[in-house]
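Have a look at the structure below, then the notes.
Values in this text are rule-based calculations from the coordinates and carry no lab data. These numbers were taken from a predicted model, which means no experiment stands behind them. Cβ atoms come from the backbone with ideal geometry, glycine included; neighbour counts cover every protein chain shown.
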């Protein structure tokens with residue numbers, strides 16, 4: 001498995017710390033923050049591959065709001081919503097905003113890591129496609145430049 | 001409402017209806033009877049009045065006629081002529097031929113000596129000077145006597161006329177046939193109780209009455225009670241019978257004609273009418289009472305049923321309200337449980353991770369730790385399932401309408417459970433109606449419903465038994481019944497079986513959410529679920545699914 005950069009956002013400190021530790025123990029580059037605002041600050045400074053996001057967080061910004069803002073900064077990052085709240089509305093909203101998946105707590109690490117890997121794969125292939133498209137663009141543009149009178 | 005209150009209501013209805021019905025009925029009956037009897041009474045009085053007047057006229061006429069004939073004879077013949085026996089006999093025969101009713105005819109001179117006589121008695125030569133009537137006739141010239149016995153010792157009455165011839169007077173005297181006279185008087189009597197007779201001023205019978213008394217006997221009539229014209233008296237005899245007595249003085253003012261009759265006899269037809277009326281009222285009353293009792297009983301029983309139905313509906317409403325509230329609460333609780341469960345799971349996972357470290361590998365009890373952590377994870381999983389069921393259910397609450405073949409859904413469900421049933425030696429028997437139409441419903445939710453009920457049935461039996469699944473089409477629903485021959489649901493548990501977390505299974509074997517979810521799904525689909533259970537015989541669940549045509553989804 002490729003090394004991928006992960007951010008976990010959850011207001012439940014016990015959960016956050018433990019999950020981050022366990023991911024690190026499995027050699028995954030993981031960081032944790034306790035709120036949407038903190039996550040947004042980090043996203044502005046550093047690129048991530050996968051973000052695991054709780055939905056219901058006390059304070060200003062909930063998971064859905066944070067997702068919307070993060071996608072504005074890093075459109076390619078894959079966000080997995082992980083929540084103790086299952087509601088149709090929040091899941092639909094999340095998927096509309098481009099979340100990778102919507103998972104219910106509690107979840108075993110053995111189930112979570114494959115999901116993260118899938119998300120990473122998707123992000124990679126997405127990036128690959130964009131890169132290919134750009135190369136094609138670059139390859140075409142000199143010709144176009146040349147052809148132009 | 002208790003039974004006694006329904007009984008009381010029924011009694012009040014009956015009493016009110018009967019009062020309202022009977023009061024006018026009896027009032028009308030009474031007034032009608034009173035009016036009719038008054039009319040009858042007037043009619044009877046008129047009848048008897050008419051009879052006594054006309055009969056008095058007849059008698060007056062009879063007497064006047066006889067008096068006139070005798071007067072005419074007395075005025076036209078001389079004393080010498082009339083004392084000739086032959087002439088007297090001829091005259092007697094002539095007047096009997098013309099008028100009749102004369103018994104004898106005699107001539108008396110002014111000394112009272114009976115000078116000539118024609119008749120059945122031997123009266124010739126008797127002297128009447130001392131007879132009371134002799135003085136009267138000598139003084140008045142005309143005299144109609146009361147009835148008396150006289151020389152012949154037999155009750156009779158006479159008409160006597162005095163003739164003044166020169167200085168001498170003589171008297172023509174005739175006896176009226178008492179039988180003929182009595183017959184004329186009696187012709188006024190009618191019916192079985194009617195009577196007609198004459199009395200004189202002293203109240204002595206002048207003709208033989210029909211009942212009680214003989215001629216010249218003292219009657220119980222008080223002549224002073226009868227006035228100038230016609231008087232009608234009513235008297236009640238010792239037997240309590242009413243008797244009407246009409247009296248009218250004849251023109252000679254000495255005889256009073258009495259016509260009497262029992263009221264009851266004339267009132268006979270009225271009594272018949274009264275009896276008919278009573279019979280009709282009685283029959284009507286019986287009909288009214290019967291109708292009132294029957295309709296009231298019917299109405300009250302309808303009311304009782306309606307009340308019972310309403311109570312049942314209220315109970316159902318209460319049940320669904322309760323379940324909805326419990327559902328909301330349970331879903332809220334589930335959310336709050338998930339987060340700590342997530343922490344527990346991560347912490348146990350972390351501990352497992354740490355156990356892999358070298359330091360811990362040397363621990364003697366490492367296996368114990370591992371087993372314990374696995375157990376914790378298992379139980380987190382168990383809790384997670386409970387919560388998941390509830391949240392999963394909550395997510396699925398909005399039904400998705402699609403074309404559903406109920407029979408097909410049942411068959412699929414049965415095939416899912418067939419192995420499980422066979423393992424426990426339980427037969428799953430499907431008796432599906434061929435007429436079940438395709439409906440608009442939610443297939444996966446229906447499957448969940450059938451799965452819950454059938455697997456409950458299998459679990460209820462335990463081992464060796466039969467679960468019957470039937471489908472049928474009703475007017476507006478498709479009815480699926482699932483019956484088992486298990487031990488049945490104890491009565492005290494019956495009201496809780498749809499409650500969330502209610503289970504009779506061993507701890508850890510059931511979540512107690514199955515029937516709660518089933519109930520809610522069926523409610524959302526617009527159907528209903530009910531059950532009937534008998535201890536020792538088994539339980540039957542009936543699911544009614546609305547028959548929505550696929551075009552209306």
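Couple of notes before you dig in:
- Over region B:81-141, the pair-distance histogram of Cα-Cα distances with 5 Å bins from zero comes to 4, 19, 24, 23, 20, 10, 1 percent, rounded to whole numbers.
- Principal-axis analysis of the Cα atoms of chain B puts helix B:406-423 at an angle of about 60° to the longest axis.
- DSSP finds beta bridges in the protein assembly as shown, and of those with both partners inside it, around 75 percent are antiparallel.
- Taking all Cα-Cα distances within region A:1-43, those exceeding 11 Å account for 61%.
- Our summary of shape: the Cα atoms of region B:170-229 have principal axis extents of 44, 26, 24 Å, ordered from largest down, in whole angstrom.
- Rounded to whole Å, the principal axis extents of the Cα atoms in region B:399-553 read 45, 29, 26, largest first.
- Once C-alpha pairs closer than 8 Å and six or more residues apart are averaged by separation and normalised to the residue number of region A:5-147, the relative contact order reads 19 percent.
- Inter-chain shielding of A:4-12 (mean C-beta neighbours from other protein chains, 10 Å cut-off): 1
- Across A:125, A:91, A:35, mean-square fluctuation computed from a Gaussian network of chain A (C-alpha pairs under 10 Å connected) peaks at A:125.
- Mean partner shielding of peptide A:100-108, defined as the number of other chain Cβ atoms within 10 Å of each residue Cβ, is 6.
- As a length-normalised measure over Cα pairs under 8 Å and 6 or more apart, the relative contact order of region B:72-162 settles at 18 percent.
- Averaging Cα coordinates gives a centre for region B:130-176 and one for region B:204-281; these two points are 33 Å apart.
- For chain B, share of DSSP beta bridges that run antiparallel, in % to the nearest 5: 90 percent
- Residues of region B:334-370 with amide N under 17 Å of a point placed 7 Å along Cα→Cβ from residue A:26: B:342-357
- Gain on full stretching of the segment that runs from residue B:39 to residue B:236 - 0.36 nm per residue minus C-alpha separation: 68.9 nm
- The Rg/Rh ratio of chain A, with both radii computed over alpha carbons and Rh defined as the Kirkwood radius, is 1.08.
- Spread of Cα-to-Cα distances over 5 Å intervals beginning at zero, given as percent, for region A:73-136: 4, 16, 22, 21, 17, 11, 5, 3, 1
- For region A:68-123 versus region A:22-50, the gap between their alpha-carbon centres in whole angstrom: 14 Å
- Region B:1-86: proportion of alpha-carbon pairs further apart than 17 angstrom, %: 76 percent
- Length added when fully stretched, residue B:271-residue B:68, from 0.36 nm per residue minus Cα-Cα: 68.3 nm
- Rounded to 10°, Cα long-axis angle of helix B:3-76 versus longest principal axis of chain B: 10 degrees
- The angle between the Cα long axis of helix A:36-45 and the longest principal axis of the Cα atoms of chain A comes to about 30 degrees, rounded to the nearest 10.
- Cα centroid separation, region B:429-468 to region B:482-503: 17 Å.
- Here the protein assembly as shown is treated as an ellipsoid with the same Cα gyration tensor; its semi-axes, largest first and in whole Å, are 141, 27, 22.
- Summary value for chain B: 9 percent relative contact order, contacts being C-alpha pairs under 8 angstrom separated by 6+ residues.
- Across peptide B:352-359, the average count of Cβ atoms from other chains found within 10 Å of a residue's Cβ is 2.
- Ordering of B:59-65, B:273-279 by packing [mean C-beta count within 10 Å, highest first]: B:59-65, B:273-279
- At 1.002 mPa s and 20 °C, Stokes diffusion of chain B via Kirkwood alpha-carbon radius, µm² per second: 60 µm²/s
- Extension gain for residue B:418-residue B:96 works out to 102.6 nm (0.36 nm per residue, less the C-alpha to C-alpha distance).
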